[in-house]
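Colleague: Starting off with a structure, shown below.
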Amino acid sequence: MSPKLKTFLERGFSTIVLLSLLGGAVAWNAPIGYAVLICVLCNLTSWEWFNMLKGTNANRWLALIAGLIYPWLLALLVLNPMKLYCDTSVVSMGGLVLYVLLAFCGQLFRMDYRGKTGAEMLDGMGMTLLSFIYPVWMFSFTLICVSSPHTISVMLWLVLFTKMSDIWAYMSGVLLGGKFITRKFSPCVSPKKTWEGIIGSIIITLTVGFLLLPALNLSSWQEITQFSFIAFYIPLGLLLFFLSVWGDLAGSLIKRGLAVKDSGSLLPGIGGIFDLIDSPAFTVSAYMCVTPLIATLLYYIS
């Protein structure tokens, strides 16, 4: 078996595992099912960060504890039947602010009482913040919408769209990579990514993502065939596509900086859970933040 075929089969298997988990949550058809799945993914990613940060100046225990507790607290707030008088966006930002304060306190303690230099403190501070923000805090935005069936379907579409971009880029790159454009897409961070793979993935991902909209009951065939909808979908799809690519590259950049090949070995051909949700963290968080802004602008314009 050739290495390329082996990698493709491994990635295919891991993708089937992910889709099975998502399908199980859909079949359960309960907000708690989605919330548990998201929290478990975030927890496993925090554990992988904890292992990757060995030997660094980061406060990896703080990152681990925050990554284990924060998603469940946010999920509890969203699912709380008593409807606590507390907005989830406030809790999301408040959790990040509290984490930043604790991270600074920890690094200052290390500098004053453990002889760490200012450069070491700043290096550790950066990694401590990043290990919680990306992808755990960013991916936890999916928890904000678990009480709405429609928004859950949107999140499912976003995750499928994001992972498809990676799969089709790999397949297109294997078939056409380097045959027309010799320069790599990201020669330093991800040398295997080719322009042919990116271009091929754009075409296939946008097409399949478009067809998935009525399949997930997000739009009707009559709606998606209208010119206004297509004119809106294409720029949105391109934005989400490149966000997914940048999310994948961000994960590769972190692993290169920490000198590790994979974040874990739980998923053959992909690595760990970190490698699974690195790009969805970009697309989901961007969607959840940008959508209210667009809605507000459209309200005032109209």
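Colleague: Measuring with a 1.4 Å probe in the full set of protein chains, what accessible area per residue, in whole Å², belongs to segment 54-164? Could the numbers behind the result be given before it?
Modeller: Details: 5580 Å² over 111 residues.
Result: 50 Å² of accessible area for each residue.
Colleague: Just to confirm the filter: which chymotrypsin sites (Phe, Trp or Tyr not before Pro) across segment 38-120 are DSSP coil and have at most 13 other Cβ within 10 angstrom of their Cβ? Please report the intermediate quantities before stating the final value.
Modeller: Working: sites: W47, W49, F50, W61, W72, Y85, Y99, F104, F109, Y113; in loops: Y85.
Passing sites in segment 38-120 are Y85.
Colleague: How many nm is it between the label spots at I301 and L79, if each spot is 7 Å from the Cα in line with the beta carbon?
Modeller: Spacing of the two 7 Å Cα→Cβ label points: 3.8 nm.
Colleague: What helices in the chain pass both tests, a Cα length along the helix axis of 27 Å or more and a mean Kyte hydropathy of 1.0 or higher, using whole DSSP H runs? Kindly include the intermediate steps, with their values, before the conclusion.
Modeller: Values: long enough: 3-28 (37 Å, 0.86); 31-52 (32 Å, 1.05); 60-79 (29 Å, 1.97); 88-113 (37 Å, 1.23); 149-176 (39 Å, 1.12); 195-215 (30 Å, 1.77); 227-257 (45 Å, 1.36); 273-301 (41 Å, 1.35).
Helices meeting the criterion: 31-52, 60-79, 88-113, 149-176, 195-215, 227-257, 273-301.
Colleague: Given the options P280, P135, P235, state which has the largest fluctuation in a GNM of the chain using a 10 Å cut-off (strictly under) for Cα springs.
Modeller: Result for the chain, Cα springs under 10 Å: P235 fluctuates most.
Colleague: Of all chymotrypsin sites (Phe, Trp or Tyr not before Pro) in segment 138-207, which ones are in loop regions per DSSP and have a Cβ with at most 13 other Cβ atoms within 10 Å? Provide the component values of the computation, followed by the final result.
Modeller: Working: sites: F139, F141, W157, F161, W168, Y170, F180, F185, W195; in loops: F180.
Sites meeting the loop and neighbour criteria: F180.
Colleague: Then there's this: Calculated FRET efficiency, M111 and I133, Cβ-Cβ r, R0 25 Å, to nearest 0.05?
Modeller: Working: r = 22 Å, r/R0 = 0.87.
Calculated value: 0.70.
Colleague: With every protein chain kept in place and ligands, DNA and RNA left out, what is the accessible area per residue of segment 222-295? Probe 1.4 Å, answer in Å².
Modeller: Numbers: 3510 Å² over 74 residues.
Ligands and nucleic acids excluded, the figure is 47 Å² per residue.
Colleague: Name all residues of segment 127-163 having a backbone nitrogen under 16 Å from the label point set 7 Å from the Cα of T56 along its Cα→Cβ direction, giving them as ranges.
Modeller: Backbone N within reach: 127-138.
Colleague: Local charge sum around L240 (other residues, Cβ-Cβ under 14 Å, Lys/Arg +1, Asp/Glu -1)? Please list the in-between numbers first.
Modeller: Working: positive: K163; negative: D166, D248.
Surrounding charge for L240 is -1.
Colleague: Leaving out ligands, DNA and RNA, and with a 1.4 Å probe, what % of the accessible surface on the chain is carbon or sulfur?
Modeller: 73 percent
Colleague: Would you kindly compute the Cα radius of gyration of the chain and its largest Cα-Cα separation (Dmax), both in Å?
Modeller: My reading of the Cα-based Rg and Dmax gives 20.3, 67 Å.
The values are calculated or read from the model by the stated rules, or taken from the named source; none is laboratory data. Because the structure is predicted, anything quoted here is derived from the model rather than measured. For neighbour counting, all protein chains shown are included, and Cβ atoms are generated from backbone atoms with ideal geometry for every residue, glycine included. Just so you know, the surface numbers come from the protein's heavy atoms only, side chains and all, with ligands and any DNA or RNA stripped out. Shrake-Rupley method; radii C 1.70, N 1.55, O 1.52, S 1.80 Å.
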